[in-house]
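See structure below.
The values are calculated or read from the model by the stated rules, or taken from the named source; none is laboratory data. Note that the structure is a prediction, hence the values are computed from the model and not measured. Every residue, glycine among them, receives a Cβ derived from its backbone with ideal geometry; neighbour counts consider all protein chains shown.
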Amino acid sequence: MTLRQAQGQVDYLIIGQGLSGTWLSWFLARENRSFLIIDKNEPITPSKVSSGVINPVTGRRMVKVWMAEQILSFAHEAYTEIGTFLGITAISQKNLIDFFPNPHQRQVFLERIEEGEEYLHSYPDQNQFYQFFNYELGCGEIRNCYIAHLENLLPAWRQELKKNRRLLEENFEFQNLVIKENSVEYNDIRAEKIIFCDGLSSFENSFFKQLPFAPNKGEALIVEVPGLPAQHIYKKGFTLVPFQEREKFWLGSNYQWNFPHANPTKEFYEQAERHLSGWLKLPFKILDHVSALRPATLERRPFVGLHPHQKNIGILNGMGTKGCSLAPYFANQLAQNLLYKKDIDPLAHINRFQKILSF
Ligand SMILES: Cc1cc2nc3c(=O)[nH]c(=O)nc-3n(C[C@H](O)[C@H](O)[C@H](O)COP(=O)(O)OP(=O)(O)OC[C@H]3O[C@@H](n4cnc5c(N)ncnc54)[C@H](O)[C@@H]3O)c2cc1C
């Protein structure tokens, strides 16, 4: 029997196994629903080049991220649970050491502590990192940060999907999709619903291309730094994030709204290398240079739910710069909505675009 025959009829056909497809399939699997994922296994995707950082504060003003309390604790629990199930480390807690890049940022950080921001703290031993870094303006600490180990999670979940014959590794061809009254058909697969978790590809999908996507390019260097402790995430303009693999760190990123292409650029490479040479006191080696387009949205909120005019078609997308924390939370909301008609947060539900989705 071929995989297609085994999966001929499923409840859900999911397109994409990035963070969004991984989490949606996880929550559907927990509810014993049948599904099939089609993912073309591209070597470079936002989920594969992400640093995995979950930070409770954001922006130059260091304000709490949207729905910090619910989303962060949900993410921690979900990654811990899937990690236990798969026998991998899917998440670890690491505080972020913020080396102030200029007097203004230092002042903002200290003011936010004064205002009582619970995640920001002054660092007791300002000299602790002198043997590793150059920093003239001191440092602060952001607590309750996490690293989602996507380099462990994505391949391990993929392996599990393959083992259970729930993954087709191929390109999904939109023109072969047929929408029926109460189902969808794709080649010889029939499903009750199709859910698009395909990142940038949804920008071109005729059901969702009207949504206000705003792709944002990010690049990063993968570096080896022998002797640098991996207990923290470090930041001074750029962020240095430890991988689980010894001595390996992720260095990035930039946020570009206008870009001629999605490939890594010489400008970023040189800028990041120069920055690290000035910041780090230890020798380092550049191992790789990666780049991808974040599936961001104009109003910085995800796109979640069934199409307001097509009840068999849904989307989980628009995770932007915060996919590691938003994807588990909203994948669960979507699964609960599909199965039990529970509410999706109105700020994330695609019903808010009911009008433009009717064209
Ligand atoms: C440099 C960089 C750093 C980042 N750092 C962080 C961070 O520290 N913390 C954080 O929270 N977020 C971070 N992000 C953002 C985060 O990576 C994204 O929000 C998230 O990965 C989006 O996941 P997704 O599953 O929605 O989309 P994607 O990762 O794009 O996944 C879509 C999947 O669908 C597949 N696909 C698409 N079209 C088809 C098709 N036609 N047929 C078959 N398969 C298809 C793709 O191959 C892919 O596997 C970063 C992003 C970048 C680029």
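Listed by first and then second residue, the pairs with beta-carbon distance under 6 Å, at least 6 apart or on different chains, first residue in the range 197-219 and under 18 Å from Ala327 (Cα atoms) and among the charged types (D, E, K, R), second outside any loop (DSSP other than H, G, I, E, B) and at pLDDT 95 or above, are Asp198/Ile15.
Matching residues to (1) away from the ligand (no atom under 15 Å from the Cβ); (2) of a type in the set (Gly, Ala, Ser); (3) not in a helix (DSSP H, G or I):
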| residue | (1), (2), (3) |
| --- | --- |
| Val290 | no, no, yes |
| Leu293 | no, no, yes |
| Arg300 | no, no, yes |
| Val304 | no, no, yes |
| Leu316 | no, no, yes |
| Ser325 | no, yes, no |
| Tyr329 | no, no, no |
| Gln333 | no, no, no |
| Lys342 | yes, no, yes |
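Highlighted here are the helices (runs of 4 or more DSSP H) found entirely within the range 1-110 that include at least 1 residues which are in contact with a helix residue (DSSP H, G or I) (Cβ under 7 Å, 6 or more places away or on another chain): 19-30, 46-49, 68-86. If you go through the range 263-304 and keep only what is touching a helix residue (DSSP H, G or I) at 6+ places or on another chain (Cβ under 9 Å), within 29 Å of Leu24 (Cβ to Cβ) and hydrophobic (A, V, I, L, M, F, W, C), you end up with Val290, Ala292, Leu293, Ala296, Phe303, Val304. Does Arg165 satisfy being more than 9 Å from the ligand (Cβ to nearest atom), outside any loop (DSSP other than H, G, I, E, B), of a type in the set (Lys, Arg) and assigned by TED's automatic domain parsing to the domain that holds Trp23? Judged against the criteria, Arg165 is not a match. Would you confirm whether or not the range 43-63 contains a residue that is in contact with a Ser or Thr (Cβ under 6 Å, 6 or more places away or on another chain) and at pLDDT 95 or above? Looking through the range 43-63, at least one residue is in contact with a Ser or Thr (Cβ under 6 Å, 6 or more places away or on another chain) and at pLDDT 95 or above. Within the range 199-230, being farther than 20 Å from Glu141 by Cα, assigned to a loop (DSSP other than H, G, I, E, B) and more than 10 Å from the ligand (Cβ to nearest atom) holds for Ser206, Phe207, Phe208, Lys209, Gln210, Leu211, Pro212, Ala214, Val225, Pro226, Gly227. For Ile233, the conditions (1) more than 10 Å from the ligand (Cβ to nearest atom); (2) farther than 18 Å from Ile44 by Cα; (3) modelled with pLDDT of 95 or more all hold with the exception of (1). Would you call Phe243 closer than 22 Å to Phe133 by Cα, hydrophobic (A, V, I, L, M, F, W, C), within 12 Å of the ligand (Cβ to nearest atom) and touching an Asp or Glu at 6+ places or on another chain (Cβ under 9 Å)? No: the conditions fail for Phe243.
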